[in-house]
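Contents: one structure, followed by commentary.
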Amino acid sequence: QGATEMMKGEIRLITSEEDRISWLPDCLLVEIISRLPETKYAIRTDAVVVRWENLRTLRIDDAEIDHDSSRNILSGSPLLETLMLGNCCGFELLDITNKSVNNLVFSGYDAIYMHSVEINAPYILSLTIEAYLPLEKLLLRNVSSVIKAELDYYKTVIDDISLETLDEVNDEMLKGLLFSLGHAKEVKIGKLCLEALAGLKAEGFICPSNLKEVDN
């Protein structure tokens, strides 16, 4: 029988002879994920075939998601339009190639050590990067369809480095994001990114014409 097993801060979707979990109503599956306690969970769906055929919006918070699980979730959600990841971890590449997914919200990343994360999402139209990002690098590999984006994150690197070096890392990451979003119609910079933007301007950085500063 299919079952949801919770043990030692971990959730696993497991099955034996028959996959029953993926046949649960989409609204119930989303509710289960959204109501997990605020502890670190590992979502592993490699043992089941995800069939969320009517799911259009999915939010996953405080979860460890490996590459196989994310691929399984996305391939099993053919109508998914909006994907929101809040304070998740466990992946270095977020590969979203579903043509249906047009809105991505990357809201924080939970890392113990420095990590580099790449986002490959060639079909998304809207991208939000926000909240706490203890990352050395966040790279946008392909977001060529993005029309509007919002950057409003605060960034620290968990390591023994000087504040001067940290500022340089922050500035370079923001510069890379802005460069990758140079084709977008509008890129909003929230107040959490204004310090890094000011650092870039002090170095002679010329802001792209699609940039809009938002300080509230």
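All of the numbers you see were taken from the coordinates with simple rules; none came from a lab. Given the structure is predicted, the values throughout are model-derived calculations rather than measurements. Cβ coordinates were reconstructed from backbone atoms using ideal geometry, including for glycine residues, and neighbour counts include every protein chain displayed.
Less than 22 Å apart at the alpha-carbon level, and either on another chain or at least 8 residues along: which lysines does that give for residue 137?
Correct list for residue 137: 148, 155, 175, 188, 191, 201.
Please compute the modelled spin-label separation between residue 191 and residue 210, points set 7 Å along Cα→Cβ, answer in nm with one decimal.
Distance between label points: 2.6 nm.
Once R0 is set to 25 Å, what does the formula 1/(1 + (r/R0)^6) return for the Cβ-Cβ distance between residue 57 and residue 144, expressed as a FRET efficiency to the nearest 0.05? Intermediate values should be presented prior to the final figure.
Numbers: r = 23 Å, r/R0 = 0.93.
Plugging the Cβ-Cβ distance into 1/(1 + (r/R0)^6) gives 0.60.
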